[in-house]
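Computed from the coordinates by the stated procedures, all read-outs in this text should not be read as laboratory data. If you're wondering where the values come from, they're calculated on a predicted model, not measured in any experiment. Ideal geometry is used to build each Cβ from the backbone, glycine not excepted, and the neighbour counts take in all protein chains shown.
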Amino acid sequence: MNAFPKTAKTLPFPTTPSIRISHLGVRYRSVEALRDTNLTIAPGRMTGIIGPNGAGKSTLIKGMLGLIPAESGVVTYEGKPLMDCLDRVAYVPQRSQIDWTFPATVWDVVMMGRVRKTGWFRRFSGVSRRIAAEALDRVGMGDYRDRRIGALSGGQQQRVFLARSLAQQAEIFCFDEPFVGVDQKTEQVLFEIFRELAEEGKIVLVVNHDLGDSITHFDDLILLNREVIASGDRPSVLKTENMYRAYGGQVNFFSAAA
Ligand SMILES: Nc1ncnc2c1ncn2[C@@H]1O[C@H](COP(=O)(O)OP(=O)(O)OP(=O)(O)O)[C@@H](O)[C@H]1O
Ligand SMILES: [Mg+2]
């Protein structure tokens, strides 16, 4: 008798909880934004995406999630196309891409995280309300639930978006430059929660512009400049030759961060 179910032998991709990106390429008309990108993003690790302006950091996240069309490549999660698992993904875009005049309250934004679990036309359950309230408390924004999202500071907005992704109970968290314009206290809260998520075995992927001390929070890094210059654990990526290839002479890289 065969001990394995037939389907196990016939799956087209390996079933691991990592995200696997194979030969991803993205082009915006004449601009080749990302070339032949091959990466594995592991759960349980905090992974940072770094690289200069225009390096393709945002494009990598959007292309990976299928939010913009890819020219080539395959992205899988647990052996399935990642695009088919978007209910397990929480994504917070770069600030400049969010419409802050949108007339929603803090509570509305966090409850949006529950829509996929509840459905647009069904009433939110008590469970959903409790999960949303807990998420707001966890980011220290419990007292702001009736405020308009546009009337908050940048750091408060980031906390609310983090609360929304917590309420979503996702497995994959993608944040594009969450630390821009936030104060130190908020940065600390965000990093603490990212770490907790990683320790829970989630995939945590964060675009981080700052090459200063904050980079030491990351376990793994992906260094981009239109293609992957280096990826892997932080010290191996932050080697001078890699940084020079990505940034040229533009950056004086700090030091202790590696
Ligand atoms: N919608 C678009 N149409 C045309 N070109 C685009 C578009 N979005 C991005 N690009 C180009 O693709 C390249 C990569 O852009 P991307 O936004 O991914 O860079 P980034 O690394 O996130 O930069 P930043 O640090 O400024 O956020 C850039 O040259 C950019 O000008
Ligand atoms: Mg960007």
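Computed values, structure above
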item	result
Residue count, the range 13-49 (criterion: of a type in the set (A, V, I, L, M, F, W, C) and more than 9 Å from ligand 1 (Cβ to nearest atom))	8
Residues located in the range 178-190, provided they are outside any loop (DSSP other than H, G, I, E, B) and over 25 Å from L86 (Cβ atoms)	Q184, K185, T186, E187, Q188, V189
Residue ranges of strands (runs of 3 or more DSSP E) in the range 11-119 with at least 1 members under 26 Å from S236 (Cβ atoms), touching a Leu at 6+ places or on another chain (Cβ under 6 Å) and within 16 Å of ligand 2 (Cβ to nearest atom)	19-28, 31-41, 46-50
Number of positions in the range 223-237 that are farther than 16 Å from G25 by Cβ and either surrounded by fewer than 18 Cβ atoms within 10 Å (Cβ to Cβ) or within 16 Å of ligand 2 (Cβ to nearest atom) (or both)	5
Single condition F194 does not satisfy, out of (1) more than 16 Å from ligand 2 (Cβ to nearest atom); (2) part of a loop (DSSP other than H, G, I, E, B)	(2)
Index of the failed condition, K202 passing every other in (1) surrounded by 18 or more Cβ atoms within 10 Å (Cβ to Cβ); (2) more than 16 Å from ligand 2 (Cβ to nearest atom); (3) within 24 Å of R35 (Cα to Cα)	(3)
Boolean, F175 is within 30 Å of L34 (Cβ to Cβ) and in a helix (DSSP H, G or I)	no
Any hit, the range 170-181, residues being out of contact with any helix residue (DSSP H, G or I) (no Cβ under 9 Å at 6 or more places or on another chain) and surrounded by fewer than 15 Cβ atoms within 10 Å (Cβ to Cβ)	no
Condition check for L82: over 30 Å from N242 (Cα atoms) and surrounded by 15 or more Cβ atoms within 10 Å (Cβ to Cβ)	no
